[in-house]
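These notes are about the structure you will find just below.
The values are calculated or read from the model by the stated rules, or taken from the named source; none is laboratory data. Every value quoted in this text rests on a predicted model; they were computed, and no experiment measured them. Cβ placement follows ideal geometry from the backbone for every residue including glycine, while neighbour counts extend to all protein chains displayed. What goes into the accessible areas is simple: the full protein's heavy atoms, side chains included, and nothing from ligands, DNA or RNA. Shrake-Rupley method; radii C 1.70, N 1.55, O 1.52, S 1.80 Å.
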Amino acid sequence: MKLKSPHFDKLKSLTKKQKKLILAGIALLLLILAACYTVFIAPLLQKEQWIYKEETVERGTLKVGVTESGSLEYNTKSIDYDLTLDVSDDDEDDSDDDDDTVQKYLKIEEIYAASGQRVMEGEELLKFTEDSVEAVRALLQNAVVEAQSDYAEAESTYELSLLEAQTDYDTQKISASYAASIRNTSGTSVTNNVASLQVQLEQKQANTASLQEKLTQAQEDYQDALETYEAAKEGYEGAGTDNTVNFMTIQNGYLSARTKYQQAKAALTQAETAVTDNESAITDLENQLAAARAKQTIDKLDTEETYQEAVINGQNAQTTYNATVEDLKETLQEAEETKEKREEQLQAFEDFVGSDGILYATEDGVITEVSYEAGDRLTTTGALFSYATSDDMRISVDVTQEDIVDLQVGDAVDITFTAYPEDSYTGSILSINTTATSDYSNTVSYTVEISVEGALEKLYGRMTADVIFVTEEKEDILYVTGTFIAVSF
């Protein structure tokens with residue numbers, strides 16, 4: 001038997017619309033209760049909590065300053081190749097065949113430095129091939145030997161020609177001094193004519209002993225030079241080329257002996273010619289003297305002509321002598337200058353390649369450019385390497401007039417590059433421009449130039465950086481760099 005509740009029966013009797021209204025009222029009541037709890041009851045039940053951020057308390061130097069931004073700039077220096085290897089004379093054909101071109105230029109065997117690399121003074125930069133160094137050295141050494149030989153020959157020619165010029169000068173002056181007396185007495189006395197001829201004859205005879213002595217000496221010098229030359233030639237023709245140094249020594253000895261032989265031969269020829277000419281002159285004077293003694297009168301016109309010519313020659317003797325001496329000196333000087341030039345070329349080459357054919361850095365710096373590669377030949381002069389030193393790395397920044405008054409040249413600065421935020425760099429103020437950057441700007445600023453110190457091999461041109469000018473500094477103090485945070489929930 002089932003029992004029925006009166007409430008059940010009552011709910012059952014409700015309409016569907018009434019049921020919906022009842023459910024909506026219940027939902028609204030629950031929403032009001034939740035809002036009251038959130039607004040009034042929950043804040044009373046909430047607890048406050050603190051979260052602390054830990055920071056390290058440090059002891060050290062605390063710096064305060066001005067920060068400005070700028071970019072890195074640097075000037076580059078260079079290690080240059082400036083050797084002059086042209087050993088041809090100005091009047092020679094300067095065209096080179098392939099063999100001469102190979103012999104004339106240095107060849108790079110290996111490059112040890114690269115762009116961006118930091119190098120220290122004395123560090124190896126590049127090496128030349130041993131074959132190219134020896135080839136250029138031999139070319140320059142041969143040029144030196146040839147120039148020295150030419151100079152020795154020019155010096156010998158100068159001395160002999162100077163002696164001849166002096167003899168001619170003395171003869172002309174003597175002839176001029178006797179010309180007047182010959183003219184005045186030639187028409188009246190054959191004795192004066194004979195005397196004049198006798199004086200000329202005595203002059204030539206006086207030269208005979210001196211010229212004969214020079215001829216004897218020249219013959220002895222020639223014989224000695226010939227023997228030395230033949231011996232050197234035999235050694236040179238029989239020498240092998242396996243040992244370059246020994247062969248070059250023999251070759252130089254042979255060239256020197258050949259030069260001395262040629263000089264001695266030329267001197268002998270000149271001495272023989274001088275003796276022959278002098279003997280011919282003596283014979284001619286003797287014939288004139290004999291003819292003069294046979295004559296009773298001398299044609300007055302011929303005597304006057306002779307007199308005038310002697311006077312003119314005497315007047316021009318000094319000028320002619322000076323001109324001759326200047327020409328001889330110029331020729332000798334040209335030979336000497338060529339010799340010195342070749343010697344300087346060889347010395348400059350030896351200084352450049354050194355004893356090992358390696359080029360070394362002349363100072364500390366960072367390589368910014370390498371102009372050649374291994375296998376290249378140095379056919380032209382120019383820069384081999386470009387580099388920057390720490391003195392040339394600088395940053396320029398603009399500092400306002402309010403801050404510039406605290407700065408001085410030489411002050412230390414801290415630098416941070418954007419590319420290396422974790423790395424610290426230092427520097428110092430190099431200069432402060434006393435002229436404002438702009439007269440029309442609302443903010444007056446002045447350009448400050450700073451040097452850079454640190455790991456410079458990592459730096460590149462135009463890198464941006466923050467420069468901190470330290471205006472105040474406290475040492476040995478405690479300081480905290482962080483803060484704490486409180487949060488409630």
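Stokes-Einstein diffusion of segment 203-281 at 37 °C, 0.692 mPa s viscosity, Kirkwood radius from Cα pairs, rounded to a whole number: 233 µm²/s. Longer than 31 Å from Cα to Cα, which of K77/K339; K77/K104; K104/K260 are they? Say none if no pair is. Cα-Cα > 31 Å for K77/K339; rest within. Summed over the residues of segment 291-427 and divided among them, the accessible surface reaches 58 Å² per residue at a probe radius of 1.4 Å.
For segment 123-163, what class follows from the C-alpha gyration tensor (a ≥ b ≥ c being the square roots of its eigenvalues): rounded when a/c is under 1.5, otherwise prolate if a/b is larger than b/c, else oblate? Prolate. Here's how it looks for T368: its modeled amide H is under 5 Å from those of G116, S386, Y387, A388, which are all 5 or more places away or on a different chain. With Cα atoms as the point set, the radius of gyration and Dmax of segment 430-469 evaluate to 13.6, 40 Å.
The shape of segment 314-376 can be summarised by an equivalent ellipsoid whose semi-axes, obtained from the alpha carbon gyration tensor, come to 51, 12, 11 Å from longest to shortest.
State whether segment 189-239 is rounded, prolate or oblate according to the following rule on the C-alpha gyration tensor (a ≥ b ≥ c being the square roots of its eigenvalues): a/c under 1.5 gives rounded; otherwise a/b larger than b/c gives prolate, and the remaining case gives oblate.
Working: a/c = 12.25, a/b = 6.53, b/c = 1.88.
Since a/c reaches 1.5 and a/b is larger than b/c, the shape of segment 189-239 is classed as prolate.
Between E153 and Q219, what FRET efficiency comes out of the Förster formula 1/(1 + (r/R0)^6) with R0 = 25 Å and r the beta carbon distance, rounded to 0.05? Result of the calculation: an efficiency of 0.85.
For segment 286-416, taking Cα atoms only, Rg and Dmax work out to 38.4, 119 Å respectively.
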